[in-house]
Amino acid sequence: MMENECPQRIAVYPGSFDPVTLGHLDIIQRASKQFDRLIVAVLNNTSKNPLFSVEERKTLLAQVTRSMPNVEIDSFRDLLVRYMQSRQANVIIRGIRSVSDFEYELQLASTNHQLDSEIETIFMMTNPKFSYLSSSIVKEIARFQGNVHDLVPAEVEAALLDKYRV
């Protein structure tokens, strides 16, 4: 690194993104303005039974973030702190919708800090218009052919219609 160069500020926004919602996209857009590079990392959680495969989720995320040049899409299946270390990232981005989210996220942040004290967690409050929104709610609505147009990007809406086509 040159003497006048600052190290890149790299953050990771981890999640299952099954599927990515407008709430997720709002956090991605806002976080991407705060860091040199934002890695949206799809968690391959073996304890969950996802609707979309990791590759499908990565593809959808790449499609909806294509206009954000400093956003990178990746996936991982290890401890988040190990993934962070492998990517030279030291900030975790987490979206908060409610007090109950905060309690859970605080526990995760404290655990991650215990595992690696160099890693910080930044909580971003969800835009109030998305405070009720979750991937689970979106999947439930789509499963019964409800309208998800105002809940997810168009690419995700099409993918949901495909998955639940009767």
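The values are calculated or read from the model by the stated rules, or taken from the named source; none is laboratory data. Treat the numbers as computed from the prediction; the structure is a model and nothing was measured. Cβ: placed from backbone, ideal geometry, glycine included. Neighbour counts: every protein chain shown. We work out accessible area using only protein heavy atoms, side chains counted, and drop any ligands, DNA or RNA first. Shrake-Rupley method; radii C 1.70, N 1.55, O 1.52, S 1.80 Å.
Computed quantities for the displayed model
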quantity: Of residues in the stretch 1-28 being out of contact with any strand residue (DSSP E or B) (no Cβ under 9 Å at 6 or more places or on another chain) and among the polar types (S, T, N, Q), the one nearest to M68 (Cα to Cα); calculated: T21
quantity: Where T46 falls short, out of the listed (1) more than 30 Å from Y164 (Cα to Cα); (2) assigned to a loop (DSSP other than H, G, I, E, B); calculated: (1)
quantity: Cβ-Cβ under 8 Å pairs, at least 6 apart or on other chains, the stretch 105-131 side without any contact (Cβ under 8 Å) to a residue 12 or more places away in the chain, far side of a type outside the set (A, V, I, L, M) and open to solvent by 30 Å² or more (accessible area, probe 1.4 Å); calculated: H113/E120; H113/T121
quantity: Extreme residue, surrounded by the most Cβ atoms within 10 Å (Cβ to Cβ), among residues of the stretch 26-50 that are in contact with a Phe, Trp or Tyr (Cβ under 9 Å, 6 or more places away or on another chain), under 21 Å from A154 (Cβ atoms) and in contact (Cβ under 8 Å) with a residue 60 or more places away in the chain; calculated: I27
quantity: Members of the stretch 95-123 found to be within 24 Å of F52 (Cβ to Cβ) and either surrounded by fewer than 16 Cβ atoms within 10 Å (Cβ to Cβ) or in contact with a His (Cβ under 8 Å, 6 or more places away or on another chain) (or both), listed by number; calculated: G95, Y104, L108
